[in-house]
Amino acid sequence: MGEILGSIWWLAVTLGLLITFHEYGHFWVARKMGVRVLTFSVGFGHSLWQRQAADGTVYQVAAFPLGGYVKMLDEREGHVEPEQRDQAFNNKSVGARIAIVAAGPVFNLVAAVLAFWLMFLVGIPENRPVVGETSGIAAEAGIESGDMIVAIDGEDTRNWTFTMLELIGHALDRSPVSVTVEDASGFRSEHRLDLERLGADFSEENTLEYIGIEPWYPLVPAVVDTVVEGSPAEQAGIYSGDRIARIAGEEVPYWQAIGPLIQAHGKAGEPLAVTIDRDGVMLDLEVSPAEQKSGWFSSQLIFGIGGAGINDEQRATWERAAIMYRLGPLQAIPAAFIETWRIAGSTLGILARMVTGSASVKNLSGPISIAQIANSSATAGFSQFLFFLGAISLSLGILNLLPIPVLDGGHLVYYLIELVKGSPVSDEAQVAGQYFGLIALAGLMSLAFVNDILRLVG
């Protein structure tokens, strides 16, 4: 329940901030253009709070938080007094209307740059893309365990996020890519990944797996360090120092394999065969895993044991991989713009590929996924939350620029047509477009919501 409430809270905080900033863009530019603003609303539907300013503008927070609006004086939506017609939106020039409509997405862009700038000031704990085990295409290209990916086609790959974004783009296009790696001694070499060999069953969600790269992580020995009091492990007679050798007859090569084996073979409260190595003596035990909540509607099976720490060699690699990336106020400015450009380019690339069918529509995320990611990023630290805030702000800006009537992009299309033909798009065409836009938007939201549900249950 705590995770659900936390997710709802951080969803409200995230969307509240970004929607307010987006709508303030429309509001601010509208006023600069001499348009009278009637209502500034964060959210849709029933008003939970409102206040009317001295100039007559009503500010409100509405019940449904996934959006907002700025209602302006407009002769198409109601009677306008003759003395106020010059303040009506519909009576402004095409250029003024374009500026007002475009201001929302532009402010989302500004918010993203500000979020990334502050993120670089705070500092980002990152993991460099150090390679673990390799196979398939990557192994054949000569990439080895312990190599660190430093560039892809000459583009810096500071962390795993950048690495994944670059590899996904090339993999979806089935285009070969040059990968520069650095070994533990600092020697750099260049390798060619033949991504055109990826099969038809390729899924961008498992890009690294298909290419044959596993991120490095320390393989901790399957030796028990701590046993939780009253846990299934304690009840079964497992002690600190025991090595978990087999679970359900399958070998346990290292600590990280224990969890997946328990999930694969265990049932809550039912005995599970476990073989332990105690000072060289193999003992067969039965452990009845307990169920522990791990998500909104999911749980996992546990023994109630903790593992030993990593060795000195693993610690050295860990220190090589882990960095705190921090910049000064001036250095952070170009870095923020580069980050914005990189994320925007990747987002647009994925959208374009979804349209052409080369990327799955499973990439669409709805409010549930956003809420979960918002909660996890906020929990992970301030810099992670700032990155999430910037990425979502960009996504909102790009979404609103889609040429779908009812969205900002759809209105911009109408005004660009008006510029070209010299007269407004007919009311009939605009009404038809509104209906189409509502259907299209409802379809997109439904698809995103279905994806969210499938992620929860899957």
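Taking other C-beta atoms within 10 angstrom as a stand-in for reagent exposure, MET164, MET148 fall in the order MET164, MET148, fewest first. Quick note on segment 1-118: its Rg to Rh ratio, both from C-alpha atoms and Rh being the Kirkwood radius, is 1.04.
Within the chain, the percentage of alpha carbon pairs spaced more than 34 angstrom apart rounds to 49%.
Give me the count of lysine pairs in the chain whose alpha carbons sit under 20 angstrom apart, restricted to pairs 8 or more positions apart or on different chains. Total qualifying Lys-Lys pairs in the chain comes to 5. Less than 5 angstrom separates the built amide H of GLY68 from those of GLY43, all sequence-distant by 5 or more or on a different chain.
Taken along its three principal axes, the alpha carbon spread of segment 183-270 comes to 53, 38, 21 Å, from the longest extent down to the shortest. This ranking places HIS170, HIS46 by how few other beta-carbon atoms lie within 10 Å of each, fewest first, which gives HIS46, HIS170.
Find the all-direction average of the projected area of the Cα convex hull for segment 101-214, expressing the result in square nanometres with one decimal place.
9.1 nm²
Relative contact order, whole percent, for the chain stands at 17, derived from Cα pairs under 8 Å and 6 or more residues apart. Computed from Cα atoms, the angle from the helix 2-32 axis to the main principal axis of the chain rounds to 30 degrees.
Shape summary of segment 224-307, radius of gyration then Dmax from alpha carbon positions: 12.0, 42 Å. Relative to the longest principal axis of the Cα atoms of the chain, the long axis of helix 408-421 lies at roughly 40 degrees.
Since every read-out is calculated from the coordinates, none of them should be taken as a lab result. This one's a predicted model, so the numbers in the text were calculated from it and none came from an experiment. Every residue, glycine among them, receives a Cβ derived from its backbone with ideal geometry; neighbour counts consider all protein chains shown.
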